[in-house]
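First up is the structure itself, then whatever we jot down about it.
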Amino acid sequence: MRIVVDRGTPTTHSESLCDTCRHSQIVRGRRLDEELVFCDMPTRSAQITFKVTSCTHYDDQRHASYMQLVHQAWILRTSSRDRAVGFVPATELDDTELARSYGVRPRT
């Protein structure tokens, strides 16, 4: 029988959250012990010297961010004088139309 303890001692063979975090910069050398990890969170930057098992600013880079999803989406354009009604890729909308319609910041 296996017993799991919530917030117990983390296993040592698990990978660090920094390996898949959008905010991390990882530099590895030839040997296993040659590794530098920098966390570039929006609020501050820090060097991490241990394996991270829990982080409040973790942002998984394997999943698309909200802005990436918006730019890949097909958007329904409503009636307009000079444009046809229908679905268009978000990349065809100008920045002001995208911001006005969906409450997102214009692309830079």
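Just a few scattered comments:
- Test: Ala84 is at pLDDT below 90, of a type in the set (Gly, Ala, Ser) and under 24 Å from the mean Cα position of the chain (by Cα): no
- Strands (runs of 3 or more DSSP E) contained entirely in the stretch 16-78, each with at least 1 residues that are aliphatic (A, V, I, L, M), out of contact with any Asp or Glu (no Cβ under 6 Å at 6 or more places or on another chain) and not assigned by TED's automatic domain parsing to the domain that holds Thr91: 24-28, 35-40, 45-48
- Within the stretch 1-24, the residues that satisfy the criterion of being closer than 16 Å to Asp60 by Cβ and either modelled with pLDDT under 80 or of a type outside the set (Ser, Thr, Tyr) (or both) are Ser14, Glu15, Leu17, Cys18, Asp19, Cys21, Arg22, His23.
The values are calculated or read from the model by the stated rules, or taken from the named source; none is laboratory data. Computed from a predicted model, the values in this text were never measured in an experiment. Cβ coordinates were reconstructed from backbone atoms using ideal geometry, including for glycine residues, and neighbour counts include every protein chain displayed.
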